[in-house]
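What follows is a short report on a single structure.
Throughout, read-outs are computed from the coordinates displayed, never taken from laboratory work. Keep in mind it's a predicted model, so treat the numbers as computed, not measured. Ideal geometry is used to build each Cβ from the backbone, glycine not excepted, and the neighbour counts take in all protein chains shown.
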Amino acid sequence: MESIIIKKALVLDPQSEHHGLVRDILIEAGTISAIAPDIKSPSNSHEWQANGAAVSQGWIDLQSHFYDPGAEHKEGLENGAAAGSHGGFTHVILNANPYVAPDNKSAVSFLQAQAQDYTCALHPMANVSQKSEGQSLSEMHDLAAAGAVAFSDDAPIDKTEMLRRALEYAHELSQPVISMPLDMELNAGAQMHEGATSTHMGVTGNPTESEVMRIQRDLEVLKYTGGRLHFSVISSADSVELIRAAKARGLNVTCATTANHLHFVDEDLHAFDGTLKVMPPFRTQNDREALRHGIIDGTIDAIVSDHRPEDLEHHDVEFSLASFGMACIEYTFPLALSALQSISKKDALSALVNALSSGPRQILGLEHRPIMPGQPADLTWFHPEELWNNQAITRGANLAQSIVQHKEKLVGNPLGTIHGTKSFLRD
């Protein structure tokens with residue numbers, strides 16, 4: 001790898017002595033070798049420069065689906081990794097694959113072997129239960145040793161005893177147990193949030209209580225077992241309050257939400273747009289406001305893409321038959337930044353960078369490596385004020401039906417990433 005020098009970038013890393021300062025950063029052989037107000041570019045270096053750009057610790061997407069193996073036509077590892085790099089991510093955590101369950105060492109090792117050569121590092125989650133069926137606990141120790149970074153069924157853990165055993169078993173591990181907090185039996189068959197909009201549309205809705213009840217239960221189990229628990233995606237104001245109170249009581253709990261939940265509300269589905277079907281669903285404006293404030297004040301620890309691309313067969317159908325999921329890893333940053341700036345222009349950028357970098361590292365139990373000389377290069381270079389170009393999105397294997405075409409202007413543009421000796425520079 002030839003050396004790279006990032007010129008005149010605002011350093012955003014509270015653990016670095018260069019935080020808040022405009023600096024040149026020289027990266028050689030995958031390591032930060034120098035940081036100074038002005039560094040002469042070595043003769044063999046590539047120079048990255050954009051007026052007003054910033055640099056932070058590399059971003060981590062805690063929850064994404066590339067459907068490989070099993071449904072590579074929807075995305076695949078290669079296209080997914082490329083989309084992740086375009087979105088500014090140096091690491092993407094692959095959620096439990098619904099086609100080939102990562103509930104054994106060979107499945108996890110296969111993903112590890114397949115994901116070595118991309119500019120965006122890919123890391124597998126493993127199942128909490130065998131085949132994600134919620135009946136028998138997976139071999140968590142073996143899966144952790146094989147390289148799993150977290151445990152999730154990508155589905156609600158319905159059996160309280162299963163959650164208890166998983167939390168107790170994870171005491172000896174650094175990997176977190178992840179809960180999807182939804183009681184799907186409450187108003188089964190829901191297509192969106194239960195409220196005035198779903199009633200007007202004549203569509204079965206998922207009530208806020210389905211999420212709140214499950215969070216209450218899971219927090220009680222966590223209080224009983226000890227350990228730590230992460231909620232994959234929360235969507236309601238009541239959930240934010242429950243988790244804020246749990247943290248104040250000293251429970252080791254973390255949570256995330258998606259950039260889409262910071263932007264959309266249930267009313268946006270009024271035209272039966274299947275590309276906006278997600279679970280948990282987009283809820284009310286009050287819920288959206290609470291999520292935004294939860295990011296700003298740190299109650300919500302991370303923002304994820306929950307990238308779930310679909311093909312025509314599953315999305316270009318009538319609303320009730322459309323699959324849940326959106327392809328959104330590339331616009332997570334501008335969508336979240338634009339949403340957070342609506343309530344706090346002063347704090348939006350720092351809170352977002354934390355939710356994409358430090359927050360995910362803390363959840364996964366990873367060491368935070370400050371932007372300092374001698375540290376391995378794991379950096380995201382971005383422009384916080386540049387308008388995001390929706391037309392420049394890299395569709396990969398996704399079809400347009402999975403990608404929402406935002407009519408409003410979004411602010412914030414990922415420009416490039418450096419992870420060790422691998423780098424990506426957006427055109």
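Would you grab the residues whose amide H sits under 5 Å from the one on C255? Only those 5+ places off in sequence or on another chain, please, with H modelled 1.01 Å from N.
Hits under the 5 Å cutoff: F231, D301, A302.
Between Q375 and E172, what length in nm is gained on full extension when 0.36 nm per residue of separation is reduced by their alpha carbon distance?
Stretched out fully, the Q375 to E172 stretch lengthens by 70.2 nm.
Peptides 374-380, 197-203: what's the order by average Cβ count within 10 Å, highest mean first?
Output ranking for 374-380, 197-203: 374-380, 197-203.
Compute the distance in nm between two label points, each set 7 Å from the Cα along the Cα-to-Cβ direction, one at E367 and one at S3.
2.5
Quick one: pull the percentage of alpha-carbon pairs in segment 135-282 with a separation above 27 Å.
27
Roughly how many nanometres apart are two label points built 7 Å out from the Cα toward the Cβ at A248 and F272?
4.5
Enter the mean projected area of the convex hull around the alpha-carbon atoms of segment 78-178, in nm², rounded to one decimal.
With every direction weighted equally, the projected area is 6.2 nm².
Bin by bin, in steps of 10 Å, what percent of the Cα pairs in segment 199-317 do you find, going until the bin that has the longest distance?
For segment 199-317, the pair-distance distribution reads 12, 42, 31, 12, 2.
Relative to the compact globular guide of 2.2 N^0.38 Å, what is the alpha carbon radius of gyration of segment 59-364, as a ratio?
Relative to the rule-of-thumb radius for its length, segment 59-364 sits at 0.93.
Taking 7 Å along the Cα-to-C-beta vector as the label spot, tell me the T204-L425 distance in nanometres, rounded to one decimal.
It is 5.3 nm.
Using 0.36 nm times the number of residues separating D38 and S344, minus their current alpha carbon distance, what extension gain do you get?
107.0 nm
Taking the inverse of the average 1/r across all pairs of different Cα atoms in segment 280-380, what Kirkwood radius in Å do you get?
Every distinct Cα pair counted, the radius reaches 15.8 Å.
Using only Cα atoms, tell me the angle between helix 332-341 and the longest principal axis of the chain; keep it within 0 to 90° and round to the nearest 10.
Approximately 80 degrees, to the nearest ten.
Add +1 for every Lys or Arg and -1 for every Asp or Glu among the other residues with Cβ under 14 Å from the Cβ of A290, and state the total.
Charge balance near A290 sits at -2.
Compute the helix-to-body angle for 105-114: its Cα long axis versus the longest principal axis of the chain, expressed 0 to 90° and rounded to tens.
40
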